[in-house]
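See below for the structure under consideration.
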Amino acid sequence: MNATSTYDDDRRLADALGAAQASTRLKAALAIGTRAGDGYADVLVARCAVEPDFFVRDMLTWALTRLPREVTVPRLVAELTSGRAQARAQALHTLSKIGDAGAWPAITVALLRDGDDEVARAAWRAAVVLVPDGGRAALAAELGTQLGRGDREVQLSLSRSLAALGDVVEPVLRAAAAHPEAGVRAHAAATERLLRDPDSAFEPDLNAARRVDALGREREEQLRADR
C-alpha cells in the first residue's frame, strides 16, 4: 500500500466517525483501534466529545487505549477543562481505562464536585483508579462531601467508589452517620453495608433516617416538657 492510498484510507476512516449511521461510526472506531495509528488521536478525542451513541463512545475509548499513553493522556487531560460536559466525562472515563498514574494531578476537586452528574461519576471512578496510596484517605474525605447527592444511580456510583478505597473510608462514614441531613446519613449507611458486603443490595433507607430525626425531636420535646 503506497502513502497516498494509506492517507486516503485514514481520511475515509476519520470521516466515517461522523457518519449518520451509528453502525458506520462503530465500524470506523473499531478499524481505527485495530490500526492503532498515532495520527488518529485528535479525531478520536474530538469525536468522544460529541458522539451520541453509548456503544460507539465505548469503542472510541477502546481505540484510544490502543494508542501510546504519551500520545493520548495529554490530549485527554486537556479535555478535562472543556466547557462540554460530555467531553469531560468521556475523557475521565478513558483516563480510568488507560490507568496512567501521571494523570492523577488533573483529577481536581472541581471535577469531583462537577455539577453534571455524569462528569462527577466519571471523576469518582477515575480518581479511585489513579490515586496514589498516600492520597487515598484524602480522596475518601473529599468523596465523602458528596454523600447524599443525586438519585439512586449517582449514589451507587459514589458508594462503589468509596468502597473501592477500602478501610480508609470508615472514618468518613462514621462522621457522615452523625450528619444533620437524613439523606447523607442514609447514603453513608448504605455505603457501609456495601463496604462490608459488596454483594448486598444497595438501598439507602431515607425513611429510616427520617424516623431517627423524628424520634430525636420527640425526645427533645419530652425533655423540655419535663423541665
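The values are calculated or read from the model by the stated rules, or taken from the named source; none is laboratory data. Since the model is a prediction, treat every value here as computed from it, not as a measurement. With ideal geometry, Cβ positions are generated from the backbone for all residues, glycine too; neighbour counts draw on all protein chains shown.
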- Which of the following residues is surrounded by fewer than 21 Cβ atoms within 10 Å (Cβ to Cβ) and in contact with a Cys (Cβ under 9 Å, 6 or more places away or on another chain): Gln21, Gln86, Gln90? Gln86
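Matching residues to (1) acidic (Asp, Glu); (2) more than 24 Å from Leu111 (Cβ to Cβ); (3) not assigned by TED's automatic domain parsing to the domain that holds Ala103:
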{"residue": "Ala29", "(1), (2), (3)": "no, yes, no"}
{"residue": "Asp38", "(1), (2), (3)": "yes, yes, no"}
{"residue": "Arg47", "(1), (2), (3)": "no, no, no"}
{"residue": "Arg66", "(1), (2), (3)": "no, yes, no"}
{"residue": "Arg69", "(1), (2), (3)": "no, no, no"}
{"residue": "Val73", "(1), (2), (3)": "no, no, no"}
{"residue": "Ala78", "(1), (2), (3)": "no, no, no"}
- Qualifying positions in the stretch 114-129 - of a type outside the set (D, E, K, R) and within 12 Å of the chain's Cα centre (by Cα): Val119, Ala120, Ala122, Ala123, Trp124, Ala126, Ala127, Val128, Val129
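Tell me which helices (runs of 4 or more DSSP H) are completely within the stretch 34-108 and hold 2 or more residues being aliphatic (A, V, I, L, M) and closer than 26 Å to Leu139 by Cβ, or say none if there are none.
Correct list: 69-79, 85-98.
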- Examine the stretch 81-90 for a residue that is over 24 Å from Pro52 (Cα atoms) and either of a type in the set (Lys, Arg) or in contact with a Lys or Arg (Cβ under 7 Å, 6 or more places away or on another chain) (or both), and state whether such a residue exists. no
- Query: Restricted to the stretch 145-169, and to residues that are among the charged types (D, E, K, R) and surrounded by 14 or more Cβ atoms within 10 Å (Cβ to Cβ), which residue is nearest to Ala110 (Cα to Cα)?
  - Reply: Arg149
- Query: Hey, among the residues in the stretch 109-134 that are charged (D, E, K, R) and not in a helix (DSSP H, G or I), which one's nearest to Glu153 (Cα to Cα)?
  - Reply: Asp116
- Spot the failing condition for Ala141; the list is (1) outside the structural domain of Leu76 (by TED's automatic domain parsing); (2) of a type in the set (A, V, I, L, M); (3) surrounded by 16 or more Cβ atoms within 10 Å (Cβ to Cβ), and only one is missed. (3)
- Looking only at the stretch 18-30, and only at residues there that are in contact (Cβ under 8 Å) with a residue 12 or more places away in the chain and closer than 13 Å to Asp58 by Cα, the one that is farthest from the chain's Cα centre (by Cα): Ala28
